[in-house]
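The values are calculated or read from the model by the stated rules, or taken from the named source; none is laboratory data. Note that the structure is predicted; figures quoted are calculated from it, not measured. Cβ coordinates were reconstructed from backbone atoms using ideal geometry, including for glycine residues, and neighbour counts include every protein chain displayed. Ligands, DNA and RNA are stripped out before the accessible areas are found, and what is left, the full protein with its side chains, is counted by its heavy atoms. Shrake-Rupley method; radii C 1.70, N 1.55, O 1.52, S 1.80 Å.
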Amino acid sequence: MFNLLNAEFYKLRKSKAIYIGVLVASILALLLYGSLVMIDKINQGEVANGTAGIIVSQVDESVNDSGAPKSMMREIGIAGVLQQMFGGHFVGIIAAVLVSIFVIREFSAGTVKNLVGKGYTRPAIFFAKMIPVIILTLVFEAVVVAITICMGIPFMGWQEFSATAWGDVAFYTGFQFLFGAAIAVIYMLIGELTRNLAAGISVSIGMLMFSTTLTAGLDLVFHGLEMQPSNYWVLDLMSSCPIADFETEFIVRGVLVSAVWLVIAAVLGVLHFRKADVK
């Protein structure tokens, strides 16, 4: 098991995909900040509505205590940008690609077949891959959070940046890491089931983008019940996670739902991998 883990972590360190993923996420964060800057300039009348393809449907003419137009950038803040990155599934899409590459290429290259032929048990092979997958996702998310926070300094200014409620940011980030670990194992399960890179990425991103729509529909079907399906699907929790005023009920539910989905995905993955042919 330890030999397998060492080999997986070595491959993880040598992988260039994570650097590309971080670069893409950095560009997305930069675009988000840039969009907020343009919205502020449009609200302040400095540039015309529609500049750079950004259209503000209703210009905010409200002012702050000093009489200056309110800043969308300051209203949203660092926490709001992070919420867009995670709740908008930008980070999730990139993570889906990274995990799919890391898992599925082992089947394509014949590495998994060689490991099985050497006598390693299939559960050991699966868990030796699952642990680095979780760490890959968490490290990627941590780097994205750090970059997003650092970008806030030049865009927001040091005064607004230092006024950020860092406790709320830390709490929100911790929950996204928790959800990310569960989703990473689900991505791995999809990769193990498909064993095809294009199919694995497509199904993972499809689940990410459309499963919340399905749970919203199920909520309507079961609207008479107190238990709504969306309250127990990890992607819905990721999207609806608040950035402040965390309630105890949400905290407990978030921890339990994440743990349950991680275990379900891991068990299903092991059961399928034990019985499926390895080519």
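Just to be sure, is PHE102 assigned to a helix (DSSP H, G or I) and either surrounded by fewer than 22 Cβ atoms within 10 Å (Cβ to Cβ) or modelled with pLDDT under 85 (or both)? It is false that PHE102 is assigned to a helix (DSSP H, G or I) and either surrounded by fewer than 22 Cβ atoms within 10 Å (Cβ to Cβ) or modelled with pLDDT under 85 (or both). Restricting attention to the stretch 195-216, the residues being among the hydroxyl-bearing types (Ser, Thr, Tyr) and touching a Phe, Trp or Tyr at 6+ places or on another chain (Cβ under 9 Å) number 4. Which one is nearest to PHE175 (Cα to Cα) among residues in the stretch 238-250 that are in a helix (DSSP H, G or I) and open to solvent by 50 Å² or more (accessible area, probe 1.4 Å)? Applying the filter and picking the extreme gives SER240. Within the stretch 260-270, is even one residue open to solvent by 40 Å² or more (accessible area, probe 1.4 Å), farther than 14 Å from PHE126 by Cα and outside any helix (DSSP H, G or I)? Looking through the stretch 260-270, none of the residues is open to solvent by 40 Å² or more (accessible area, probe 1.4 Å), farther than 14 Å from PHE126 by Cα and outside any helix (DSSP H, G or I). Within the stretch 1-26, residues that are farther than 24 Å from GLN83 by Cβ reach partners that are open to solvent by 30 Å² or more (accessible area, probe 1.4 Å) with beta carbons closer than 6 Å, at six or more positions or on different chains, in the pairs ALA17/ILE101. Would you confirm whether any residue within the stretch 134-153 is open to solvent by 40 Å² or more (accessible area, probe 1.4 Å), touching a residue at least 60 places away in the same chain (Cβ under 8 Å) and among the aromatic types (Phe, Trp, Tyr)? The answer is no; no qualifying residue exists.
Here is the figure for the stretch 174-200: residues that are touching a helix residue (DSSP H, G or I) at 6+ places or on another chain (Cβ under 8 Å), assigned to a helix (DSSP H, G or I) and open to solvent by 40 Å² or more (accessible area, probe 1.4 Å) total 5. Looking across the stretch 218-237, the residues that are assigned to a helix (DSSP H, G or I), among the aliphatic types (A, V, I, L, M) and open to solvent by 30 Å² or more (accessible area, probe 1.4 Å) come down to LEU218, LEU220, VAL221. Per the listing ILE39, ILE55, ILE20, ILE27, the residue uniquely touching a helix residue (DSSP H, G or I) at 6+ places or on another chain (Cβ under 7 Å) and either outside any strand (DSSP E or B) or at pLDDT 70 or above (or both) is ILE39. If you go through the stretch 216-251 one residue at a time, how many are under 20 Å from the mean Cα position of the chain (by Cα) and closer than 30 Å to ALA165 by Cα? Within the stretch 216-251, residues that are under 20 Å from the mean Cα position of the chain (by Cα) and closer than 30 Å to ALA165 by Cα number 18.
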